[in-house]
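The values are calculated or read from the model by the stated rules, or taken from the named source; none is laboratory data. This one's a predicted model, so the numbers in the text were calculated from it and none came from an experiment. Here the Cβ is made from the backbone with ideal geometry for all residues, glycine too, and neighbour counts use every protein chain on show.
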DNA sequence: ACTGAATGATACTAAACTTGTATCATTTAA
DNA sequence: TTAAATGATACAAGTTTAGTATCATTCAGT
């Protein structure tokens with residue numbers, strides 16, 4: 001099971017580069033140094049913008065800047081933007097079939113673990129990763 | 001991302017049934033009540049036996065029993081047997097290409113989180129889940 | 001011995017997710 | 001007007017997960 005997929009890894013590297021640069025950086029400018037295929041990086045940067053982590057400016061000379069300081073961008077934010085929210089806990093029986101859904105012992109335990117992981121990934125910030 | 005895949009979920013249910021039964025249970029006897037396709041359950045039970053969580057007896061009247069008391073079978077054991085060890089941390093660059101492998105900040109953080117999750121899944125036992 | 005019920009091992013198919021590619025539309029500065 | 005950039009979206013390939021099928025082996029009961 002991967003917590004950090006390739007896309008998350010790319011996203012962290014790209015954001016670190018944006019943070020270092022201070023000014024705006026284009027996807028093309030990011031992809032090269034990071035060793036990431038340009039179209040992939042574009043998709044990732046778009047997801048980060050949709051998630052409110054970066055702000056983009058279009059057109060010639062455009063690019064991406066951080067929407068807030070690195071210390072206020074968490075690994076959890078990045079994962080959520082790129083992959084959607086964490087879900088350790090996909091009930092096999094989808095709630096409909098399983099009457100124990102609310103009381104299921106496994107699910108309760110796993111939900112608790114998931115909350116801890118969420119705490120952890122929110123505690124790590126881009127500032128720690130740059 | 002799923003910590004609990006369908007197979008792990010099945011495995012927990014099946015083991016809980018074995019624990020309740022006290023005596024040995026066959027895959028066929030387990031699959032029905034749990035609502036799991038029989039061949040799937042067989043594969044899972046085989047994995048659990050290979051992992052030393054259950055002991056099997058073959059031939060007529062055979063089946064599965066727990067290899068040790070429920071309190072000593074952890075969710076971590078079950079996950080490891082069915083899916084292999086947890087790996088949050090698949091380095092994108094596979095170590096060969098990436099010179100920062102040892103110092104990579106992201107990897108260090110994620111490894112720490114992984115250790116915590118390992119602690120957690122080892123702390124939950126089959127006895128808690130039955 | 002024979003038979004039927006059971007696991008061991010393994011190969012295969014199907015579905016879902018991840019990764020990477022391609023295209024076209026829109027915006028903006030020069 | 002043009003070139004450089006993002007927005008949106010559709011598509012293809014690769015990998016993982018889920019489920020199926022088969023044959024070999026073991027063992028109790030007759």
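What the table shows:
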{"item": "Residue in segment B:61-73 that is near DNA strand D (Cβ under 9 Å from one of its atoms) and over 18 Å from the mean Cα position of the chain (by Cα) present", "result": "yes"}
{"item": "Condition met for residue A:16 (within 14 Å of chain B (Cβ to nearest Cβ) and under 18 Å from the mean Cα position of the chain (by Cα))", "result": "yes"}
{"item": "Matching option when the condition is under 17 Å from the mean Cα position of the chain (by Cα), surrounded by 19 or more Cβ atoms within 10 Å (Cβ to Cβ), within 14 Å of another protein chain (Cβ to nearest Cβ) and modelled with pLDDT of 95 or more, among A:4, A:79, A:113", "result": "A:79"}
{"item": "Residues being out of contact with any helix residue (DSSP H, G or I) (no Cβ under 6 Å at 6 or more places or on another chain) and free of Cβ contacts under 8 Å to residues at least 40 places away in the same chain - total across segment A:7-24", "result": "3"}
{"item": "Filtered residue count, segment A:29-49, keeping only those that are within 12 Å of DNA strand C (Cβ to nearest atom), surrounded by fewer than 16 Cβ atoms within 10 Å (Cβ to Cβ) and more than 13 Å from every other protein chain (Cβ to nearest Cβ)", "result": "4"}
{"item": "Search result, residues across segment A:8-25 that are farther than 23 Å from residue A:124 by Cβ and either buried (at least 18 other Cβ atoms within 10 Å of the Cβ) or more than 10 Å from DNA strand D (Cβ to nearest atom) (or both)", "result": "A:23"}
